[in-house]
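The values are calculated or read from the model by the stated rules, or taken from the named source; none is laboratory data. What you see is a predicted model, and the numbers here were worked out from it, not measured in a lab. Glycine also receives a Cβ, built like all others from the backbone with ideal geometry; neighbour counts cover every protein chain displayed.
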Amino acid sequence: MQHTGQTKKEIRQPGKSRLLRSLHSFSGISAPLLHDRALRMRIATISLLTLLAALAIIFGSARVARMIYHTDQTMATHRLVFEINEFIARHFDRALAYLATSPQIRSACMGSRTAAGNRDLFNMLVTAQGTLDASVVYVLDASGTVIGSSPYGPGRTLTGRNYRSRPFFLQALAGQTYHGAIFGTITDEPGIYFSRQVLSGKGGDPVGVVVIRVSMDSINSFIHNTLNGNQEAMLLSPDGIVLTASREEWRFRTTRLLPDWRKNELVKNRQPGEQILKPMPFLLKNHLVHYNGKDYIVDIQAVELPGWHVVTLQRVPYPFTVVLILTLLTILAGGMFAFTTLSVHRELALTEEVRLGRAERKKAEAARLETLRELETILAASLVGIVLVRDGLITTANARMTAIMGYTLAEMIGKNVQMFFPGKEEFRKFVRMYARQLAQRELEHIEYQLRKKDGTVIPCTLSGKAIAAPDLSQGVVWVIEDITERKQAENELEQARRQAVAASRAKSVFLANMSHELRTPMNGIIGITGFMLDSGPTPDQRKRLELIRTSAGLLMRIINDILDFSKVEAGRLELEETPFSLRSALDGVIANLDVQAREKGLTLTVNVEDQVPDILIGDPARLMQVIVNLVANGLKFTPAGEVVLRISRLKDLGPDQVSLLFEVRDTGIGIAPAKREIIFEAFAQADSSHTRQYGGTGLGLSIGRRIVRLMGGELHLDSEQGKGSRFWFSLPFAVARPDDFPEQESVAASGCPGGPPDNLVGHILLAEDESINITLAVTLLEDAGLTVRSVTTGKEAVRAWQEEEFDCIFMDIQMPEMDGYEAVRRIRELEIKKGGHTPIIAMTAYAMDDDRGRCLEAGMDGYLAKPINRSGLLELLGRFLAGGRDD
Ligand code: ADP
């Protein structure tokens with residue numbers, strides 16, 4: 001349907017079909033019909049035809065009226081003509097012929113005038129006058145003198161008068177019968193003159209003329225008797241002069257223009273006087289004349305008098321009422337016709353619509369059946385259970401649903417959905433929790449326990465959708481999945497995860513223990529070698545002792561590398577965020593490397609650009625570890641030439657944020673392209689001979705790369721075999737203001753600047769179960785001038801503390817009976833009652849990062865990682881004996 005389009009069209013052309021719209025509102029026919037083009041044309045044609053018919057009525061009815069009236073008029077004209085012919089022309093002609101041939105008149109004309117003859121003549125003329133109803137009848141002799149006349153008034157006679165120049169005499173004497181309307185010379189009144197010659201005998205000479213003069217009144221009475229109220233009439237002479245008429249004012253006026261000579265002639269002959277020979281108010285040229293605001297049709301007919309005509313005028317009134325009624329009827333008929341057309345069209349349109357609707361419905365029904373079939377197939381093939389529930393009862397379910405729940409379809413249909421739940425309470429709980437939600441939105445993957453037919457309870461996910469939310473009465477479709485297998489897999493996965501966590505934890509513990517176990521003897525070896533070197537050995541002994549110390553040092557590095565690597569692997573390497581001086585930190589490590597360089601005859605150049613800020617925030621120890629490793633590698637793999645460490649400012653990352661570029665370049669053996677990635681892997685070296693030739697474990701770069709990544713950078717390598725290598729990385733750093741950077745005191749036990757104090761005074765308690773470590777520490781402390789009491793368990797340590805006053809306690813963590821943490825806790829508790837505070841320094845081979853935190857948490861004041869080195873121990877001790885604290 002195109003309702004929208006048509007409505008738009010109507011809005012666009014508001015005045016276009018006003019007629020159709022009014023018809024529409026009148027007939028109640030729907031607007032779309034009026035926009036049918038063919039229909040519009042039809043309605044327009046009907047309207048046009050109606051209009052034409054109305055116009056035809058308006059204009060044609062005048063013509064019809066004229067035709068109708070014309071019939072009346074012709075009859076009137078005929079009657080007048082008949083009257084005039086019959087009673088005037090023929091009548092007077094006959095009378096004239098009789099008189100002209102009568103012996104009395106002939107003899108009178110021929111001059112036989114006797115008194116008796118005169119009397120007979122007179123009597124005859126009087127009789128003729130009376131019979132003919134003429135105004136006068138008289139006889140003239142050949143000279144034009146009246147020889148006998150009937151009286152034309154009481155006692156008045158024309159006898160003796162001479163009319164020889166008058167036309168009625170001249171024409172009649174010449175042998176032509178005269179008929180004419182002229183004015184009498186005596187009466188000065190108009191009359192119609194009939195005259196005829198009198199012959200001396202048959203075929204004889206003219207001897208006189210007989211004249212009958214008739215007054216106009218006779219003709220006027222004819223006219224008045226014949227006409228009705230709407231008619232006028234007139235008698236015209238051959239010159240077109242009105243001899244008489246129904247209207248007096250028309251008499252002797254001309255109906256056509258007369259030439260002057262004719263007018264003069266007529267006047268001379270005393271024909272109609274000049275004063276009244278004026279033209280009529282209308283000329284009789286047309287069939288229709290307009291006079292006094294009225295229309296008249298003209299009918300002209302000739303009478304038997306030559307040149308004479310009777311003219312009738314018929315007034316034709318305009319038939320207003322008839323026209324009005326006919327016009328209205330026509331418009332009404334047109335309207336009815338248009339209305340019928342519209343109705344018929346509507347009927348047809350409706351029929352068409354119904355037909356289309358039926359076809360559509362058929363199509364829709366076919367489509368619906370198709371969809372239904374498709375849906376049924378989908379339902380049947382679905383891998384999830386689908387069930388339709390209406391009013392709590394199962395309406396339908398698919399095959400998968402029967403498979404999940406173990407019921408047949410027949411067992412489910414019409415049953416309460418509660419049958420799927422393990423119990424009433426579970427079902428109620430489910431309804432309580434989800435019914436309201438379901439009315440508002442779809443529910444997705446709710447995990448719930450359902451009960452199968454065989455009683456097994458299985459974990460399922462339920463997704464629900466109301467067919468016509470929020471009205472749940474129309475039904476809810478549930479999609480149900482059996483997730484038993486998934487749950488099992490999840491459980492297994494969770495178990496595996498737990499096992500993995502436990503394994504990882506075990507690995508960490510193992511590493512910590514291993515490290516402890518390895519460091520403790522190393523501690524002893526390095527320490528004792530140190531003492532022996534200090535105790536004045538022979539040059540030979542010194543050489544061997546130094547060899548022992550170097551080997552032990554290497555071994556210690558390997559142990560440290562493995563420990564670091566394990567930490568990185570376990571994800572337990574944590575970075576510090578502390579302000580530090582980059583240049584001071586470099587100073588602390590470069591000195592040693594410089595010694596190595598010199599020993600090998602190489603140049604080590606350190607170039608820190610001025611733009612590089614000095615105080616940064618980060619982990620100085622780990623940064624130095626990476627740098628030392630790269631520089632040491634450079635020195636190791638460079639037989640001759642130089643190693644350059646360059647630090648430059650790459651770019652600013654924001655206010656107080658910089659990116660620094662670290663490069664270590666050497667002129668050494670270089671690395672083959674194929675090996676450039678491998679060497680970053682753990683325990684990998686570019687060449688298997690390198691272990692033998694240069695030593696090393698192949699862990700340094702692997703640890704370095706991971707540390708750089710943790711710091712937010714990437715360790716890269718450019719190298720040319722035989723020419724040298726360039727390791728570089730860039731790192732972001734926050735720049736600290738110098739005020740943020742406190743005066744650095746000693747941070748850790750190993751390698752503190754400033755060196756240990758020379759002489760210390762104090763009484764020290766050493767709690768340590770390893771005999772080598774005891775010997776080492778006691779010797780070291782006593783050498784420094786301190787007195788030492790040594791115990792081997794935590795319990796003994798607590799007892800010793802109770803017995804004696806100590807200036808400081810060195811506490812091992814792993815001890816039999818009572819470990820270091822517990823011993824410290826006890827001491828701190830006792831201190832609360834007793835008062836005072838004895839500094840306690842933890843000595844531990846647990847070199848994991850969280851060990852330090854744990855020690856401080858347990859109430860210790862300082863922390864010393866094994867293996868103990870002399871300067872570290874004494875420097876830290878010096879601070880505590882002076883009242884400091886390792887924070
Ligand atoms: P290690 O040095 O302990 O073997 P590293 O991970 O530091 O372990 O180095 C791995 C290997 O990479 C080295 O054995 C060496 O083959 C190669 N390598 C590292 N640095 C350089 C260097 N500057 N020049 C040449 N080869 C190098």
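Mind checking which helices (runs of 4 or more DSSP H) fall wholly inside region 109-226 and carry at least 1 residues that are without any contact (Cβ under 8 Å) to a residue 24 or more places away in the chain and of a type in the set (S, T, Y)? Break it down stepwise before answering.
Details: elements: 115-132, 167-173, 216-226.
The qualifying helices (runs of 4 or more DSSP H) are 115-132, 216-226.
In region 766-823, how many are closer than 17 Å to R870 by Cα and of a type in the set (A, V, I, L, M)?
Within region 766-823, the subset closer than 17 Å to R870 by Cα is 766, 768, 772-788, 808-812.
With the extra rule that they be of a type in the set (A, V, I, L, M), the set shrinks to 766, 772, 774, 776-778, 780-781, 784, 786, 788, 809, 811.
Residues meeting the conditions: 13.
Are there any pairs with C-beta distances below 8 angstrom linking a residue in region 692-712 that is within 16 Å of D619 (Cβ to Cβ) to a residue that is near the ligand (Cβ under 9 Å from one of its atoms) and assigned to a helix (DSSP H, G or I), with the two at least 6 apart or on different chains, and if so which?
I703/D561; I703/N629; G704/N629; G704/L630; R705/F680
Among the residues of region 666-675, is there at least one that is touching a strand residue (DSSP E or B) at 6+ places or on another chain (Cβ under 8 Å), at pLDDT below 95 and over 26 Å from L699 (Cβ atoms)?
Scanning region 666-675, I find no residue that is touching a strand residue (DSSP E or B) at 6+ places or on another chain (Cβ under 8 Å), at pLDDT below 95 and over 26 Å from L699 (Cβ atoms), so the answer is no.
Keeping to region 308-327, report how many residues are modelled with pLDDT of 85 or more and surrounded by fewer than 18 Cβ atoms within 10 Å (Cβ to Cβ).
Summing the residues that are modelled with pLDDT of 85 or more and surrounded by fewer than 18 Cβ atoms within 10 Å (Cβ to Cβ) in region 308-327 gives 6.
Could you grab me the full set of residues in region 641-666 that are hydrophobic (A, V, I, L, M, F, W, C), more than 21 Å from L717 (Cβ to Cβ) and surrounded by fewer than 18 Cβ atoms within 10 Å (Cβ to Cβ)? Quick ask: steps written out before the conclusion?
As a first pass, look at region 641-666 and keep what is hydrophobic (A, V, I, L, M, F, W, C): 643-645, 647, 650, 653, 658, 660-662, 664.
Imposing the further condition that a residue be more than 21 Å from L717 (Cβ to Cβ) reduces the set to 653, 658.
Of everything in region 641-666, just one residue is hydrophobic (A, V, I, L, M, F, W, C), more than 21 Å from L717 (Cβ to Cβ) and surrounded by fewer than 18 Cβ atoms within 10 Å (Cβ to Cβ), namely L653.
For (1) within 14 Å of the ligand (Cβ to nearest atom); (2) more than 20 Å from I707 (Cα to Cα); (3) at pLDDT below 95, each residue gets a yes or a no:
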| residue | (1), (2), (3) |
| --- | --- |
| G601 | no, yes, yes |
| P620 | no, no, yes |
| A640 | yes, yes, yes |
| V643 | yes, yes, no |
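Let me confirm something: among S135, S143, which residue is touching a strand residue (DSSP E or B) at 6+ places or on another chain (Cβ under 6 Å) and either within 17 Å of M110 (Cβ to Cβ) or surrounded by fewer than 23 Cβ atoms within 10 Å (Cβ to Cβ) (or both)? Steps first, answer last, please.
Working: S143 fails: touching a strand residue (DSSP E or B) at 6+ places or on another chain (Cβ under 6 Å).
Testing whether each residue is touching a strand residue (DSSP E or B) at 6+ places or on another chain (Cβ under 6 Å) and either within 17 Å of M110 (Cβ to Cβ) or surrounded by fewer than 23 Cβ atoms within 10 Å (Cβ to Cβ) (or both) leaves just S135.
If you check M419, M433, which single one turns out to be in a helix (DSSP H, G or I), free of Cβ contacts under 8 Å to residues at least 40 places away in the same chain, in contact with a helix residue (DSSP H, G or I) (Cβ under 8 Å, 6 or more places away or on another chain) and surrounded by fewer than 16 Cβ atoms within 10 Å (Cβ to Cβ)? Walk me through it before giving the result.
Values: M433 fails: in contact with a helix residue (DSSP H, G or I) (Cβ under 8 Å, 6 or more places away or on another chain).
After applying the criteria, what remains is M419.
Cβ contacts < 9 Å: first residue at pLDDT below 90, restricted to region 826-852; second residue surrounded by fewer than 12 Cβ atoms within 10 Å (Cβ to Cβ) and outside any helix (DSSP H, G or I), any location; separation 6+ or different chain. Result?
That search, which allows pairs on different chains as well, returns G836/E805.
Test each condition in (1) in contact (Cβ under 8 Å) with a residue 40 or more places away in the chain; (2) farther than 20 Å from V389 by Cβ for K452 and report the one that comes out false.
(2)
How do the pairs read when you match residues in region 634-651 that are more than 20 Å from Q596 (Cβ to Cβ) and free of Cβ contacts under 8 Å to residues at least 12 places away in the same chain with residues anywhere that are aliphatic (A, V, I, L, M) and not in a helix (DSSP H, G or I), using Cβ under 9 Å and keeping only pairs 6 or more apart or on different chains?
Taking only residues 6 or more apart or on different chains, the pairs are K651/V658.
If the Cβ limit is 7 Å and pairs must be 6+ apart or interchain, which residue in region 47-64 that is touching a residue at least 12 places away in the same chain (Cβ under 8 Å) pairs with which residue that is surrounded by 13 or more Cβ atoms within 10 Å (Cβ to Cβ) and among the polar types (S, T, N, Q)?
These pairs meet every condition: T50/T330; A53/T330; A54/T327; A54/T330; I57/T327; I57/T330; I58/T327.
What is the one condition in (1) in a strand (DSSP E or B); (2) among the polar types (S, T, N, Q); (3) modelled with pLDDT under 90 that S515 does not satisfy?
The failed condition is (1).
Would you confirm whether any residue within region 276-297 is surrounded by fewer than 21 Cβ atoms within 10 Å (Cβ to Cβ), in contact with a helix residue (DSSP H, G or I) (Cβ under 7 Å, 6 or more places away or on another chain), outside any strand (DSSP E or B) and not aliphatic (A, V, I, L, M)?
No, the conditions are met nowhere in region 276-297.
Among the residues of region 558-606, which ones are surrounded by fewer than 16 Cβ atoms within 10 Å (Cβ to Cβ), farther than 25 Å from G641 by Cα and among the basic types (K, R)?
Answer for region 558-606, where residues must be surrounded by fewer than 16 Cβ atoms within 10 Å (Cβ to Cβ), farther than 25 Å from G641 by Cα and among the basic types (K, R): just R572.
When the residues of region 667-720 are filtered to those that are within 30 Å of E574 (Cβ to Cβ) and polar (S, T, N, Q), which remaining residue is nearest to the ligand (Cβ to nearest atom)? If you could, list the steps in order and put the result at the bottom.
Residues of region 667-720 that are within 30 Å of E574 (Cβ to Cβ), as a first pass: 676-685, 695-717.
Cutting the leftovers down to polar (S, T, N, Q) gives us 685, 697, 702.
Working: Q685: 3, T697: 5, S702: 6 Å.
Checking each candidate, the answer is Q685.
Looking at G654 and the list (1) more than 17 Å from L582 (Cα to Cα); (2) within 16 Å of the ligand (Cβ to nearest atom), which single condition is not satisfied?
(2)
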